[in-house]
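**Student:** If you scroll down you'll find the structure; I have some questions about it.
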Amino acid sequence: MPELTEFLAAAEAWLEAGYSRLATEERGRFRWGEGSDEVRVFQEPDPVEEADALPRIRAWRAALWDAGYAWISGPKEYGGAGLPKSYEAAFNRLTRKFEVPGDAALTVSLGMIAPTILRHADEGQKRRYLPALYRGDLIACQLFSEPGAGSDLASIESKATPDGDDWLITGQKVWTSGAHLADIGEIICQTSPGPRHHNLTAFLVDMHAPGVMVRPLRQMTGGAAFNEVFLDGARVPGDARLDAVGEGWRVALTTLSHERSAMGHSSFGGAGILSTERLMELVRHAGNAHDPVVRRNFGELITQLRVARYAQEVMAERARAGQPPGPEIALNKLALSANMAALAGFVAGVLGPKLIADTGEWGTYAWTSVVLGAPGYRLGGGSDEVLKNMIAERVLGLPRPS
Ligand SMILES: Cc1cc2nc3c(=O)[nH]c(=O)nc-3n(C[C@H](O)[C@H](O)[C@H](O)COP(=O)(O)OP(=O)(O)OC[C@H]3O[C@@H](n4cnc5c(N)ncnc54)[C@H](O)[C@@H]3O)c2cc1C
């Protein structure tokens with residue numbers, strides 16, 4: 001195994017050869033009035049720009065794959081580099097110094113579906129899907145929620161029925177992030193009438209197959225990053241079933257724990273919406289930096305953000321040591337949704353009417369998408385109430401209500 005310094009020197013030379021280095025002052029620095037003032041809780045790109053960006057993202061992943069950097073901590077037999085997670089984290093930090101297409105469009109693919117495949121798929125499936133996902137040839141989405149099954153996911157009603165060696169899937173999924181970009185979807189379906197939790201099976205469905213229809217859902221932020229997905233007898237070959245028949249609940253739990261981990265780790269640092277620098281400039285430019293109430297609220301908000309960041313670092317350290325996320329990962333996600341709500345309230349108080357009047361003034365009206373998007377954080381990856389139940393029962397060991 002190469003020393004970390006040696007590995008990073010080679011990686012830096014590779015990045016240098018193919019990508020422009022960002023000037024030091026451009027990296028993560030926030031300057032009021034410069035560049036775009038877009039601030040968002042969730043990625044909600046303009047559909048045309050999103051479609052334009054996709055080939056660049058795929059080309060970046062292919063280049064990473066060919067150079068051995070696409071899955072640094074992955075097992076060698078599936079195309080990974082077999083190096084520790086700390087090498088991967090160091091490489092990711094290094095890429096921030098260069099102008100490279102980000103992996104944000106691949107959060108579900110690489111942060112949730114690929115780890116699920118690694119844990120639950122058979123050998124042939126791992127060899128078929130994992131290289132394709134990490135190389136960016138395939139993009140995956142998560143087809144779990146249904147109109148009548150969100151928090152109570154075990155009530156899923158989409159059905160998969162056997163047809164020879166294949167399965168035919170019929171049902172409706174909802175809130176599917178990125179389904180419009182996806183090539184495959186991890187879907188949980190009912191494969192028998194009961195009992196609950198043992199009647200579900202997971203599959204990888206081809207999103208381009210006949211019988212799969214994706215329809216965008218527009219949110220109150222104006223974006224349309226989610227979709228409804230209708231399945232009408234969509235055919236799934238038998239070798240696209242993940243794990244055994246009746247094991248869908250276990251497969252879903254793996255994906256959900258990775259989802260909470262991915263959500264809990266997002267949005268901090270740099271010039272993101274939780275950056276202290278950005279918020280401080282906002283307060284200054286709104287002209288209320290000397291208001292004692294604003295100063296107190298600002299202090300409280302920044303304290304909460306810092307505490308959440310330290311808690312995340314503890315869990316990230318565990319992840320680097322190879323421990324899969326446990327139920328306590330829900331704490332990170334709860335902290336983040338509470339912080340998002342606190343941030344939205346703080347910004348609304350600081351900006352007042354400037355928040356809702358689109359006067360063209362830089363860095364003011366743009367915050368509406370955060371104020372309107374923040375409540376979504378309470379739901380995605382499991383609602384706050386459901387996560388609190390989970391912490392009570394599975395972390396603290398409190399009795400379940402009878
Ligand atoms: C940003 C975002 C991205 C998402 N992406 C995806 C995706 O890619 N794929 C996917 O499958 N789904 C996705 N979802 C859906 C998400 O998983 C669901 O919204 C979530 O599970 C809640 O389900 P629901 O919306 O049906 O609410 P419901 O389950 O109807 O809940 C409504 C309210 O009742 C409360 N409640 C329900 N049960 C209990 C209980 N037992 N105790 C206490 N309170 C309870 C909830 O906390 C909530 O406040 C996404 C959602 C969001 C907001």
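**Student:** Based on Cβ point charges of +1 for Lys and Arg and -1 for Asp and Glu, what charge dipole magnitude is obtained for the chain about its Cα centre, in debye rounded to the nearest 20?
**Tutor:** 960 debye
**Student:** Could you run the Debye sum over the Cα atoms of the chain, one equal point scatterer each and no solvent, and tell me log10 of I(q)/I(0) at q = 0.12 Å⁻¹, two decimals?
**Tutor:** Reported log10 I(q)/I(0), two decimals: -1.06.
**Student:** Out of G248, G164, G80, any idea which swings most in a Gaussian network model of the chain, alpha carbons joined below 10 Å?
**Tutor:** Among G248, G164, G80, the largest GNM mean-square fluctuation belongs to G164.
**Student:** For the chain, what is the relative contact order in percent, using Cα pairs closer than 8 Å and at least 6 residues apart in sequence?
**Tutor:** 16 percent
**Student:** Put a dot 7 Å past each Cα toward the Cβ at A53 and R320; how far apart are the dots in nm?
**Tutor:** Result for the modelled spin labels: 2.7 nm.
**Student:** Note the angle between two axes, namely the Cα long axis of helix 4-18 and the longest principal axis of the Cα atoms of the chain, as a number of degrees from 0 to 90, rounded to the nearest 10.
**Tutor:** 80 degrees
**Student:** By how many degrees, 0 to 90 and rounded to 10, does the Cα axis of helix 329-351 deviate from the longest principal axis of the chain?
**Tutor:** Tilt of helix 329-351: around 40 degrees.
**Student:** Something else: Under a 10 Å cutoff between Cα atoms, tell me which one of V39, V48, V100 has the largest fluctuation in the Gaussian network model of the chain.
**Tutor:** V48
**Student:** I'd like to know which of A11, A23, L54 lies farthest towards the positive end of the charge dipole of region 1-94, counting +1 on Cβ of Lys and Arg and -1 on Cβ of Asp and Glu.
**Tutor:** A11
**Student:** Please give me the summed charge of the neighbours of N227: other residues whose Cβ is under 11 Å from its Cβ, Lys and Arg +1, Asp and Glu -1.
**Tutor:** Net of charged neighbours comes to +2.
**Student:** Per residue of region 92-97, what does 6.51 cos²θ - 1.76 cosθ + 1.60 with θ = phi - 60° give for ³J(HN,Hα)? Whole Hz please, x for Gly and Pro, Karplus curve as stated.
**Tutor:** Result, rounded to whole Hz: 4, 5, 5, 4, 5, 7.
**Student:** Starting at the first residue of region 159-170, write each ³J(HN,Hα) from the Karplus equation 6.51 cos²θ - 1.76 cosθ + 1.60 with θ = phi - 60°, in whole Hz, x for Gly and Pro.
**Tutor:** 10, 10, 10, x, 9, x, 7, 9, 10, 10, 10, 9
**Student:** Which chymotrypsin sites (Phe, Trp or Tyr not before Pro) does region 163-205 hold that lie in a coil by DSSP with at most 10 other beta carbons within 10 Å?
**Tutor:** Counting only loop positions with at most 10 other Cβ atoms within 10 Å, none of the chymotrypsin sites (Phe, Trp or Tyr not before Pro) in region 163-205 qualifies.
**Student:** How big is the antiparallel share of DSSP beta bridges in the chain, given as a percent to the nearest 5?
**Tutor:** Within the chain, antiparallel bridges account for around 85 percent of the total.
**Student:** List the residues whose amide H sits under 5 Å from the amide H of D166, counting only those 5 or more places along or on another chain, with H placed 1.01 Å from N in the peptide plane.
**Tutor:** Sorted by chain and number, the residues that satisfy this are G238.
Quick note: the coordinates plus some simple rules give every number you see, no bench work behind them. Being a predicted model, the structure only gives us computed values, none of them experimental. Backbone-built Cβ (ideal geometry, glycine too); neighbour counts: all protein chains shown.
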